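Okay, structure first, notes after.
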Amino acid sequence: MNRRKPVKALLARSRRLQQTGRSEPDGGLPLVRNKPGLEAVGVPITELPVPEQLVYPLLDYARQTVQAQVHVGESVLLGDSIAEGILATASGTIKAIEHRPIIHPSHRDALCVVLDVDATGDENTQSLATSDTLSTERLAQACISGLGGAGFGTALKLRAAQNKVANISDNSSETGIHTLLVNAVECEPLISCDEALIRSDAQTVITAVHTMIKLSVCQRCVLAIEDDKVDAIAMLSTAIDAVKSDTGVDVELVKLSAVYPSGAEKVLVQRITGKPLPTGVRATELGILCLNVATVVAAWRAQAGYPMISRIVTVAGSRANKPCNIRVRIGTSVADVLQSTGNAPEADDSRVRAGGPLSGFDLQSLSVPVTATTNCIAIEPPQSKSAAMACIRCSHCSEVCPVNLVPQQLYWYASGNDIQQAQRFGLDNCIECGCCDIVCPSSIELTSMFRYARSSWREQQQDKQDADIARERYEQRQRRLSHREQEARKIREEKKTQLISSKDPIADALARARARKRPS
Amino acid sequence: MSGLTVDTASIAYKRRSVSSIMVHVMVALLPGITIYALYIDSRLLFNILIASTCALLFESVLVLLRRRAVLPVLKDASIVLAAILLVLSVPQSLPSWQLVFGVFVLCTLGKHIFGGLGHNPFNPAMVAYAVLIVSFPLTMTQWTEDNGLLDAPEIIKNAESSSVNDKGQLTEWDSLSGATPLDRLDTLKREAGISSPPVDASLTTPEQALSAADTILSSDWLILSVAWLAGGLYLLFMRIISWRIPVSVLATLWCLYALYPLSTSTPVLPATVALFSGAIMLGAFFIATDPVSAATSDKGKLVYGFGIAVLCFFIREFSAYPEGIAFAVLLMNMCVPLIDHAFTRNRFSGNSIDDQTSNRP
């Protein structure tokens, strides 16, 4: 034993020396725990005062425009539907439906509904009837959507899982959902909204999980959390013992070693089941329902009739004066959040990021509204500009890539705009976690390049699709025209042949002329 | 836009820069350089000085010609490292003008003709070495000029023609010239191939192999190899290089040397000793691992190392050149795009591209 110790110490030192270059078996980075916004255990999360104006981008989870169901001047009540999947999170009058900046990596505008608030209501404003059991319809009514990453509608997810795609379930005898995977991993530095939720009330979390088990009729339920969240784990295990359930499914608390980005669905499924998700296959298609812990709690509240009108947002970063976790009404602008929490950037050159330090992106305007997926607002100082150097193919990036891509190869193709080839090397699998960015010795901004390549690929596909449709339309029109032309010609020809086939053409012509003359 | 700085980069974490990687490699070379200068040839230090200065000079000019900012390019220190590696692979007796020519080739043909750091398909130091060895075969194979008793042409003539079969002559060479053990082994081998008939090969081979091993083990070159190994372990420890390439090179060479005696009558080094002969350690840890020109995928690295070892073995054993690392590395550099193409698979794609798109709902 004694002899092995120095070796172990040496290896540990090697890891510490190269903190950002350690290669985990599954990739990823063991980042130092940094969660400055957490309150003491058991303290409830404060609510941010509702601002005078709320803004709702008319976009769904896939950033497709949805149709507004309200018109300007209409007054709405808290919980009323504004568009499919979007609720009014306070009562008031619709002031405008116009283009406004939204939270988007390319700083895009989108059509937004602007609501002038006159009655704020509160978290416990019931807009739906209390029901005994949670149903998928209720989830849709309460507009429950994923509070973790992509903001996928929870009802949609559940339905997709329940009618699993046939081609996958063919090989397996099971149907429906076999595992409910509750994601409380929250692996990115700074972000602590889920942990704050658990620390404020772990019993509720477990009760909510049991409700979800009942709804999804799963055989197994895994609650995944990082092992460095000591208090939260202790509270959860006490709560698991305390909360009784009649479903017969126990909540398994799985502690994962703190490696970023274990919380990403793709990576989490791999770490829990040991099997990677094939490209283009969602976890639901394999019978795994993966939900964020905050989403589960929101769903549970929906059963009691509370629609999802707010989410917990972490405000943190090295330029944040008062890092905190705060419950924010969806639609509140980032500027309001920063102002009310006393974190308005003082220095003129701060970077304000939506999302974490790695996976997030900088905002160009603070007037953008908080959406269901805004888990963190980070205020950071500007970076000392080190110009990106040439890639030396050191392959640190592929060592840390949690989905086993070769980022430098992808970068090569993406920067040469050969997106087809980049796709072959798995561009679509990139989860934009940012691990490659922060280990690159040449300071190459890989993630933003991949983000660009993917969106331009999507645009290309869209353009191609549009062009195909246009071409088809044109070809059909051409076919129609030529068909019509042929028909006309055929009639003409027939007439002609009739004329020619008569025995005495001259007499016929004279007869026709006479027939024409007669009426006058 | 009120006072926001927008950046596409993620928040800065402590990271290792390219120049710090290069400096780490130079630190890893230090023990070897020290031993080389102390026990073998102190002209090494002078040559390193000349080569690095010229390298920096040539690179500045080339970067200026390419209209880029000079300082950031010089700061990454990669050209100095390449120059040092070149000096370590040539005889220290090489005339300075030839060395400077080599450095010039390194900067131009090796590096900037392809677009500078990160774009060169071949290891620049090995490109320069290859050009030097075909341009100046005499001075490039003359590992000493201690005294005028023996001049290079004669050594080569002797070695090439294998006319000298006398063992006494060989030992005399040893005492006089101090040529590298590999050169001597080469000669020894040729001589054995001619003098010993296949019948009594079983008798002579182990004996000769042993004496060859002795030659290696008793020389300062062994200590040097150990120093390179130590440097390589430092690089592994600091996680600058991955274990795959050096381990694959060394393991393959060991196997080849272990199996070789079964098929030949010529004296062969014991496998473990062979690994410490010549430039194998330097090559396996410092030259084959050059990230720019090596394979990058995990399996690709193993294949790349295997290829280098096999080529190196064949060049060493069956060609006129005593050492094969340089050409083996260059030949394998050529195969890198193919290797990377073949071995870059991503774990998440079970299906082919066409299936993937049709799978999506």
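The values are calculated or read from the model by the stated rules, or taken from the named source; none is laboratory data. Note that the structure is predicted; figures quoted are calculated from it, not measured. Glycine also receives a Cβ, built like all others from the backbone with ideal geometry; neighbour counts cover every protein chain displayed.
Going by the conditions given, is A:Cys440 in contact with a Gly (Cβ under 7 Å, 6 or more places away or on another chain) and facing chain B (nearest Cβ under 10 Å)? Criteria not met by A:Cys440. Here A:Ala283 meets each of (1) modelled with pLDDT under 90; (2) out of contact with any strand residue (DSSP E or B) (no Cβ under 8 Å at 6 or more places or on another chain) with one exception, condition (2).
With respect to A:Ala83, is the statement that it is among the small types (Gly, Ala, Ser), more than 14 Å from chain B (Cβ to nearest Cβ) and under 28 Å from A:Leu156 (Cα atoms) true? Against the criterion (among the small types (Gly, Ala, Ser), more than 14 Å from chain B (Cβ to nearest Cβ) and under 28 Å from A:Leu156 (Cα atoms)), A:Ala83 qualifies. Of the helices (runs of 4 or more DSSP H) lying entirely inside the stretch A:209-305, those containing at least 3 residues that are more than 30 Å from A:Cys397 (Cβ to Cβ) are A:230-242, A:293-303. Among the residues of this structure, A:Ala467 counts as one that is free of Cβ contacts under 8 Å to residues at least 12 places away in the same chain, assigned to a helix (DSSP H, G or I), more than 10 Å from every other protein chain (Cβ to nearest Cβ) and small (Gly, Ala, Ser).
Which of the residues spanning the stretch A:207-220 are in contact with a strand residue (DSSP E or B) (Cβ under 6 Å, 6 or more places away or on another chain) and either acidic (Asp, Glu) or modelled with pLDDT of 90 or more (or both)? Residue satisfying the conditions is A:Val209 alone. The criterion of at least 1 residues that are touching a residue at least 60 places away in the same chain (Cβ under 8 Å) and at negative phi is met by the following helices (runs of 4 or more DSSP H) wholly inside the stretch B:38-127: B:78-89. Here is the figure for the stretch B:9-32: residues that are free of Cβ contacts under 8 Å to residues at least 60 places away in the same chain, under 19 Å from the mean Cα position of the chain (by Cα) and crowded, with 20+ Cβ neighbours inside 10 Å total 1.
Of the residues making up the stretch A:389-401, those that are at the interface with chain B (Cβ under 9 Å from one of its Cβ atoms) and aliphatic (A, V, I, L, M) are A:Met389, A:Ala390, A:Ile392.
Taken over the stretch B:306-349, the residue count meeting the criterion of being within 14 Å of chain A (Cβ to nearest Cβ), modelled with pLDDT of 90 or more and touching a Ser or Thr at 6+ places or on another chain (Cβ under 7 Å) is 2.
Yes or no, residue by residue, for (1) within 17 Å of A:Leu58 (Cα to Cα); (2) of a type outside the set (A, V, I, L, M):
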{"position": "A:Ser81", "(1), (2)": "yes, yes"}
{"position": "A:Glu84", "(1), (2)": "yes, yes"}
{"position": "A:Ser91", "(1), (2)": "no, yes"}
{"position": "A:His99", "(1), (2)": "yes, yes"}
{"position": "A:His104", "(1), (2)": "yes, yes"}
{"position": "A:Asp109", "(1), (2)": "yes, yes"}
{"position": "A:Val117", "(1), (2)": "no, no"}
{"position": "A:Leu128", "(1), (2)": "no, no"}
{"position": "A:Asp132", "(1), (2)": "no, yes"}
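Taking the stretch A:94-134 as the range and being in contact with a strand residue (DSSP E or B) (Cβ under 7 Å, 6 or more places away or on another chain) and modelled with pLDDT under 75 as the test, the residues that pass are A:Gly121, A:Glu123.
Of the set (1) surrounded by fewer than 20 Cβ atoms within 10 Å (Cβ to Cβ); (2) touching an Asp or Glu at 6+ places or on another chain (Cβ under 7 Å); (3) more than 14 Å from chain B (Cβ to nearest Cβ), all apply to A:Asp241 but (2). Looking across the stretch A:358-388, just one residue is free of Cβ contacts under 8 Å to residues at least 12 places away in the same chain, closer than 30 Å to B:Arg239 by Cα and within 8 Å of chain B (Cβ to nearest Cβ), and that is A:Ser384.
Restricting attention to the stretch B:1-51, the residues that are among the aromatic types (Phe, Trp, Tyr) and at the interface with another protein chain (Cβ under 7 Å from one of its Cβ atoms) total 1. Would the stretch A:309-323 turn up any residue that is in a loop (DSSP other than H, G, I, E, B) and in contact with a helix residue (DSSP H, G or I) (Cβ under 6 Å, 6 or more places away or on another chain)? No, the conditions are met nowhere in the stretch A:309-323. Selection of the stretch A:124-135 for residues being buried (at least 17 other Cβ atoms within 10 Å of the Cβ) and in contact with a helix residue (DSSP H, G or I) (Cβ under 7 Å, 6 or more places away or on another chain) yields only A:Leu134. Considering only residues in the stretch A:65-85 that are outside any loop (DSSP other than H, G, I, E, B) and not small (Gly, Ala, Ser), the one that is farthest from A:Lys95 (Cα to Cα) turns out to be A:Thr65.
If you go through the stretch B:254-266 one residue at a time, do you hit one that is surrounded by 24 or more Cβ atoms within 10 Å (Cβ to Cβ) and either without any contact (Cβ under 8 Å) to a residue 60 or more places away in the chain or over 30 Å from A:Pro407 (Cβ atoms) (or both)? No: the stretch B:254-266 contains no residue that is surrounded by 24 or more Cβ atoms within 10 Å (Cβ to Cβ) and either without any contact (Cβ under 8 Å) to a residue 60 or more places away in the chain or over 30 Å from A:Pro407 (Cβ atoms) (or both).
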